[in-house]
Amino acid sequence: MEPLIRTALRTVPLLTATACLALALTGCASEDGPAQARKTPSASTSPKPAPALSAAQARDVITRYSKINNEANADRDRRLLDTVEDGPLYAMSLSDYTETEGLPAKDREPYKAWSYDVTSAKLYIPRLPSGQERWFATALSDRQGKGPSRLAVFAERPQHKRWEMVSVVDLDSPKLPKIALDRDGYATAVAADGNKKLAAGANLLRTAVLDNFATGGTNTGTKVFSPTEASKRQIKVHDETGSRFGNQASTVFEAAPNRYEDAYALKTTDGGALILFSHTHTQTDTVANSGLQLNPGKDDRAWLHDVPRTSIRSTFVCNDAATVPAKAEPSRLIGYTCARTNASGPPVPTQLHRA
């Protein structure tokens, strides 16, 4: 989907709408390889694995994505979108289509075409051993002449013989992590989990993010992450959403089964890593007694169909990005993007609804 900005919760009073996470969605310096991050010479004399693709090919992948994404979004063509997106990003884009189709035609905003500026894109193309899934990361801007605002991951789908965007994260700052590059300008992929050279892996980062939503970071979140705009925003979601109904209803955040366990990691110049991963969580709003009800708003119509509920459980799929140090220090959450992908709940009893 077109570039997303989905990092905040809309807080809505009881009897008007449920709260949901706002939707955010959905070049190189040389022809021979990306050269935007700080280069670190390689001391190895053994043959290097081949890069996932060339810089020129990566730019072509990004250009193709922008073109087909626009065509798909114009008609909400899910089949066409499936040719350029996969994984959590595709799920998030479909949720945007679904929510839009739940709105009356008069409330749907006209679609505006867009494109990523490939001339300013920062490419992080790793060298990968033969047989390993090919992928690359890139920092992108959808406005020419402006600094990067998103980190994205493209992965090759050999069965379809094409590259697809699988993840995109909205950044809080245009200041990018310093990715280590070799003499040819290519990055080094490292293990995202089980890596003893890193202070944390993707699984621990995911647990910490979930804890930020569930407890405000009490158990894991504030121990794994140092305070950043992204981590503080997640904690704010927990604090403000959990108390917005007062004593009339409660809100509980919980971890949910995560279909998207792939994580991508690149070595940084300080010996740490940039790790991009995904998580899934739920938000359950429940009235305090049988005399109250939750009335869906227009943005909830696609899932809840204007039917008052006694409880509403929303599911969110999110992409996250964090920098992890090599030594035992807190990591930094540098951005995240979420989209509601489902909502359901029991309707109020008929007699109460009629009353």
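In table form, for the structure just shown:
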quantity	calculated
Cβ-based net charge around R309, under 12 Å, with every Lys or Arg adding one and every Asp or Glu removing one	-2
Dipole moment magnitude, nearest 20 debye, the range 264-345 about Cα centre, only Lys, Arg, Asp, Glu C-beta charged	80
Nearby lysines by direct alpha-carbon distance to K236 (threshold 20 angstrom, same-chain neighbours under 8 apart not counted)	K223
Once the Cα gyration tensor of the range 155-286 is diagonalised, semi-axes √(5λ) in Å	32, 18, 13
Dipole moment magnitude, nearest 20 debye, the chain about Cα centre, only Lys, Arg, Asp, Glu C-beta charged	540
Rg to Rh quotient for the range 260-312, alpha carbon positions, Kirkwood Rh	1.35
For the range 51-119 and the range 135-164, distance of Cα centres in Å	12
15 Å Cα-Cα reach of K106 towards aspartates and glutamates, excluding residues that sit fewer than 8 places from it in its own chain	D299
Sum of side-chain charges, T284 neighbourhood, beta-carbon under 10 Å (Lys, Arg +1; Asp, Glu -1)	-1
Violating pairs (Cα-Cα greater than 18 angstrom) within the set K232/K267; K48/K267; K112/K161; K48/K161; K122/K178; K267/K327	K232/K267; K112/K161; K48/K161
222 nm mean residue ellipticity, helices alone, for the chain (DSSP H n ≥ 4; -39,500 (n - 2.57); rounded to 500)	-7000 deg cm²/dmol
Dimensions (Å) - the range 279-355, Cα atoms, principal axes, largest first	61, 25, 14
Accessible area of the range 218-337 belonging to carbon and sulfur atoms, whole % at 1.4 Å probe	47
Solvent-accessible area per residue for the chain (1.4 angstrom probe, square angstrom)	45
Diffusion coefficient, µm² s⁻¹, Stokes-Einstein with Kirkwood Rh over alpha-carbon pairs of the range 92-202 at 20 °C and 1.002 mPa s	127
Under Karplus coefficients 6.51, -1.76 and 1.60, residue-wise ³J(HN,Hα) of the range 334-349 in Hz, glycine/proline x	9, x, 7, 9, 10, 9, 6, 10, 6, 7, 7, x, x, x, 5, x
Candidate aspartates and glutamates for bridging to K146, where Cα separation is under 12 Å - those fewer than 8 sequence places away on the same chain excluded	D117
Rg(Cα) / (2.2 N^0.38 Å) computed for the range 206-270, rounded to two decimals	1.33
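The values are calculated or read from the model by the stated rules, or taken from the named source; none is laboratory data. The structure presented is a predicted model; accordingly, all values stated were derived computationally and were not measured. Neighbour counts are summed over all protein chains in view; Cβ atoms, including those assigned to glycine, are modelled from backbone coordinates with ideal geometry. In case anyone asks, the SASA skips ligands and DNA or RNA and just uses the protein heavy atoms, side chains included. Shrake-Rupley method; radii C 1.70, N 1.55, O 1.52, S 1.80 Å.
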